[in-house]
Amino acid sequence: SDRQPHDVPPSGGALGLRARIVVRFAAVALFLSVLLGVITYVSVRQLVLDDRRASSVEQATGDAQLVAATLRSGAANPGEILVSLRPPRRSTPLLLHEGEWFAASLQVRPDDLPASLTTLVFDGTPARQTISLRDRPVSVVGIPLDGELGYYFEVFYLADVANTLTTLSQVLTLGGAI
């Protein structure tokens with residue numbers, strides 16, 4: 001009997017070996033791309049926030065020392081002192097002096113300050129807290145002044161940091177999609 005064997009297609013589903021390798025390679029590449037994007041975003045986010053926190057504490061400390069020195073000298077009233085600080089547009093200083101609140105602008109009111117932060121500062125401990133103020137992220141730094149002079153607070157706006165992180169996430173998403 002001269003029977004010829006018939007060609008039987010390879011088993012293993014509808015995809016051949018080459019196609020399965022390509023699909024697996026693509027899946028691994030997508031996973032690594034997403035992982036790299038997430039690691040990059042988290043790392044940059046932490047660096048940017050840490051830098052902003054450190055610079056805001058440093059600025060508030062320097063401003064508080066200047067306010068305390070000026071109050072001791074009696075050279076100006078507290079409102080004028082705050083206005084003379086000329087803080088960058090991204091911050092607003094407030095001062096509680098002899099039971100009265102003073103502010104360099106009307107953007108932030110004393111009741112906008114978080115109670116947990118003010119309690120710590122009123123107890124003599126410098127503190128920093130990030131909150132949402134009128135749907136905008138801000139970092140509040142509070143510093144007790146020497147010798148019963150009062151309490152200094154500075155509110156730093158973090159909208160530029162939020163915008164930077166949004167742009168970064170969009171770029172990483174677009175880059176990962178390509």
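So here's what we get for this one:
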read-out: Segment 58-98, residues that are open to solvent by 70 Å² or more (accessible area, probe 1.4 Å), part of a loop (DSSP other than H, G, I, E, B) and among the small types (Gly, Ala, Ser); value: ALA75
read-out: ARG3 being farther than 17 Å from VAL141 by Cβ, modelled with pLDDT under 90, open to solvent by 40 Å² or more (accessible area, probe 1.4 Å) and in a helix (DSSP H, G or I); value: no
read-out: Options SER43, SER33; residue that is assigned to a helix (DSSP H, G or I), surrounded by fewer than 12 Cβ atoms within 10 Å (Cβ to Cβ) and of a type in the set (S, T, N, Q); value: SER43
read-out: When residues of segment 149-178 are limited to those that are among the aliphatic types (A, V, I, L, M) and part of a loop (DSSP other than H, G, I, E, B), the one nearest to LEU96 (Cα to Cα); value: LEU149
read-out: Residue, nearest to the chain's Cα centre (by Cα), within segment 43-77, restricted to residues that are in contact (Cβ under 8 Å) with a residue 40 or more places away in the chain and more than 30 Å from LEU165 (Cβ to Cβ); value: VAL67
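The values are calculated or read from the model by the stated rules, or taken from the named source; none is laboratory data. Only a predicted model underlies this, so the values are computations on that prediction, with no experimental measurement involved. Note: ideal-geometry Cβ built from the backbone for every residue, glycine included; neighbour counts use all protein chains shown. Keep in mind that these areas ignore ligands, DNA and RNA; they rest on the heavy atoms of the full protein, side chains included. Shrake-Rupley method; radii C 1.70, N 1.55, O 1.52, S 1.80 Å.
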